[in-house]
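The values are calculated or read from the model by the stated rules, or taken from the named source; none is laboratory data. Owing to the predicted nature of the structure, the values given are computational and were not obtained by experimental measurement. Because the Cβ atoms are built from the backbone with ideal geometry, glycine has one as well, and the counts that use them run over all protein chains shown. Protein only, heavy atoms only, side chains kept; ligands, DNA and RNA dropped before computing areas. Shrake-Rupley method; radii C 1.70, N 1.55, O 1.52, S 1.80 Å.
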Amino acid sequence: MQINAIRGFSDILSEDAALWAEMENLAREVFGLYGFEEIRVPIVERTELFKRTIGDTTDIVEKQMYTFTDLKGDSLTLRPEGTAPVVRAYIENKLYTVPVQRLFYFGPMFRYERPQKGRYRQFHQIGAELLGELAPSSDAEVIQMLEIYLDRLGLKDKTIEINTLGCAACRPAYRDALLLFLKDKVEDLCENCQRRVEKNPLRALDCKSAKCIEATQNAPSTIDHACAECSEHFNGVKDTLEKMAVTFEINPRMVRGLDYYTKTAFEVTATGLGAQNSVAAGGRYDNLTKELSGPEVPCFGFAIGFERLAMLLNKENFNKAKKVVLIALGDDAVTAALKKGGTLDTLREAGLRVIFEHSEASVKSKMKKANKLGADYVLIIGEDELKEGTVTFKDMEKGEQVKTQLSDIIKMVKA
RNA sequence: GUGGGCGUAGCUCAGCUGGUUAGAGCGCCGGACUGUGACUCCGGAGGCCGGGGGUUCGAAACCCCUCGUCCACCCCA
């Protein structure tokens, strides 16, 4: 019986792995330009961490977590998201003794859902958290950083949407206003929303069904019900984004799935992701550190769905380094290739990606293998070349070959 | 958790209202071509038709169960 990967968990193979590496590298570069430093946190945390932060009644906590009891009897959970562990680490390591921390993370997250396009049980996020900054301009700067990153990856046709969710002061009043509005419209909502209107009325605003969109047309918005402080903050974010020439839309109906968000919420959407359309999302969470028994620190962050982002990018634009295959014929040529300071060392020291063809087969079959490997160029060293001090250089695409010095070959490959 | 589509060669798929040796294209291996791939030609290997049960003289096909997978709902990055 063959053993396969478990449902919703997948292998990232060569082509995708190369793309991922580039995506990671670029994130490190761009986030680094904004002063963000990497933090690596555990994949497993105490279950309580996620219950307290994400929210007891959210779907994630209620039915999507990989929770288990360890041998000691503690309840542990594979992290379903990255913000809570980062904030936990921030508090635990007293990183707040520095007034502002800029942290980013990358790694796998786990949610027990039915897999579909753009949704897997093990998926990856790269996220950034700015801890200790209250000013609305800091929200905008982080959004800008994300935009720059996505632009540099060549992501086309994305939309940035922002909204304000209010704070502890104004959110309850808004909820009441929305409930009042929905009260005599309940019958116009879709079945799902009818069912959950009491528990989570904000969801009706986010619902994709035509009925709900119609019924909630004139629903009160969080923006109109924002308190003075939230309203001022939201205006500040918008102003800064405009100054930065970041293109965004205001979506008063956008809500967040995690309970810890306050004030600014934003989302980057794109088409081509199937039923999913969110590539990245985030927002402000000013109460989270306190919730985890740390000092009160205002924070802003986001997470990018790595699989979703990779799906939108053109693989051909990445990993363009030329591939060279070296074929050596006869013991002397093999020695000349493999020995210290030999042909392979010389080529690799020059920065070329070289694959040595180890088999003892015929030139023909070595050439065949080189072709299968996707070689751009093949180098052949045999008795003749050894005597002359040259190497045969074949351009596999053009089908042309020349005999020349190794130094010329390095120049040609790099050209 | 709910719904729908799909499971046939390494891959993508065809296979009629059930009918006897299950096919194609691509890929793979070998040869034409013993220092040259890709192209061309010739030859070849490769299938518990996802698994189990049932109906039938006969099942890849029909029925039931099961597993897997994809997509959608839900939810989210």
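Before moving on, here are some points about what is shown:
- Note on the stretch A:360-380: among residues that are part of a loop (DSSP other than H, G, I, E, B) and open to solvent by 20 Å² or more (accessible area, probe 1.4 Å), the one that is nearest to RNA strand B (Cβ to nearest atom) is A:SER362.
- Candidate set: the stretch A:289-330, residues that are within 13 Å of RNA strand B (Cβ to nearest atom) and part of a helix (DSSP H, G or I); chosen: the one most open to solvent (accessible area, probe 1.4 Å): A:MET311
- Residue that is farthest from A:PHE181 (Cα to Cα), among those in the stretch A:222-255 that are among the charged types (D, E, K, R) and open to solvent by 50 Å² or more (accessible area, probe 1.4 Å): A:LYS243
- All conditions in (1) surrounded by fewer than 18 Cβ atoms within 10 Å (Cβ to Cβ); (2) away from RNA strand B (no atom under 16 Å from the Cβ) hold for A:LYS208, with the sole exception of (2).
- Filtered residues of the stretch A:141-167 (kept if farther than 18 Å from A:ALA27 by Cα and not charged (D, E, K, R)): A:THR159, A:ILE160, A:ILE162, A:ASN163, A:THR164, A:LEU165, A:GLY166, A:CYS167
- A:ALA280 vs. criteria touching a residue at least 60 places away in the same chain (Cβ under 8 Å) and near RNA strand B (Cβ under 9 Å from one of its atoms): yes
- So A:ARG114, is it open to solvent by 60 Å² or more (accessible area, probe 1.4 Å) and in a strand (DSSP E or B): no
- The stretch A:141-182 - residue that is more than 19 Å from A:VAL279 (Cα to Cα) and of a type in the set (Phe, Trp, Tyr) and, of those, surrounded by the fewest Cβ atoms within 10 Å (Cβ to Cβ): A:PHE181
- Qualifying residue in the stretch A:370-384 (condition: modelled with pLDDT under 95, of a type in the set (S, T, N, Q) and not assigned by TED's automatic domain parsing to the domain that holds A:LEU165): yes
- Test: residue in the stretch A:339-359 that is near RNA strand B (Cβ under 7 Å from one of its atoms) and either in contact (Cβ under 8 Å) with a residue 24 or more places away in the chain or surrounded by 17 or more Cβ atoms within 10 Å (Cβ to Cβ) (or both): no
- Of the candidates A:ARG102, A:ARG88, the single residue that is touching a helix residue (DSSP H, G or I) at 6+ places or on another chain (Cβ under 6 Å) and open to solvent by 10 Å² or more (accessible area, probe 1.4 Å) is A:ARG88.
- A:ILE12 being under 28 Å from A:ARG152 (Cβ atoms), modelled with pLDDT of 95 or more and touching a Phe, Trp or Tyr at 6+ places or on another chain (Cβ under 8 Å): no
- For the stretch A:14-22, the criterion of being buried (at least 20 other Cβ atoms within 10 Å of the Cβ), within 20 Å of A:ILE304 (Cβ to Cβ) and over 15 Å from the mean Cα position of the chain (by Cα) is met by no residue.
- Residue count, the stretch A:158-198 (criterion: at pLDDT 85 or above, among the β-branched types (Val, Ile, Thr) and in contact with a Cys (Cβ under 9 Å, 6 or more places away or on another chain)): 1
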